[in-house]
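Just so you know, all these numbers are worked out from the coordinates, no wet-lab data involved. In this text the structure is predicted, and so the values were computed from the model without any measurement. Here the Cβ positions follow ideal geometry from the backbone for every residue, glycine too, while neighbour counts run over all protein chains shown.
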């Protein structure tokens, strides 16, 4: 018998709190959709920030989250499209633009890119 875990999502943008049991190892976003609660997403590959959440309690397995730095993961951010249920979890949705800025903002606003010149970090 497959174990399942209670997952609670505080969907800030709609003012809703949604709870479902998610089978261990299943993607949280997909499981919520299958149970009738479609959540925001864009790529389903862990590369954007449309499904970003902040962990309030519990932990998630999100090793496929390419769209979040280790630093942001360490600060409690996650991407539901590639987050797998590993235990009880409570999260809060985030504004996509806010998380995108945290992730990528430091790379923008540095002036024009000129071909042939090394990046500042090189």
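Values as computed for the structure displayed
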{"item": "Every residue from segment 30-45 that is part of a loop (DSSP other than H, G, I, E, B) and out of contact with any strand residue (DSSP E or B) (no Cβ under 8 Å at 6 or more places or on another chain)", "result": "36, 38, 41, 42, 43, 44, 45"}
{"item": "Hits in segment 1-29 - residues which are more than 18 Å from the chain's Cα centre (by Cα) and not in a strand (DSSP E or B)", "result": "1, 2, 3, 15"}
{"item": "Hits in segment 5-25 (condition: farther than 20 Å from residue 73 by Cβ and in contact with a helix residue (DSSP H, G or I) (Cβ under 9 Å, 6 or more places away or on another chain))", "result": "18, 20, 21, 23"}
{"item": "Matching residues, segment 85-108, being within 22 Å of residue 5 (Cβ to Cβ) and surrounded by fewer than 18 Cβ atoms within 10 Å (Cβ to Cβ)", "result": "86, 87, 88, 90, 92"}
{"item": "Output for segment 13-22, where each listed residue is touching a strand residue (DSSP E or B) at 6+ places or on another chain (Cβ under 7 Å) and either without any contact (Cβ under 8 Å) to a residue 40 or more places away in the chain or over 20 Å from residue 65 (Cβ atoms) (or both)", "result": "13, 17, 18, 19, 20, 21"}
{"item": "Residue check, residue 55 under 13 Å from residue 89 (Cα atoms), buried (at least 18 other Cβ atoms within 10 Å of the Cβ) and out of contact with any helix residue (DSSP H, G or I) (no Cβ under 7 Å at 6 or more places or on another chain)", "result": "yes"}
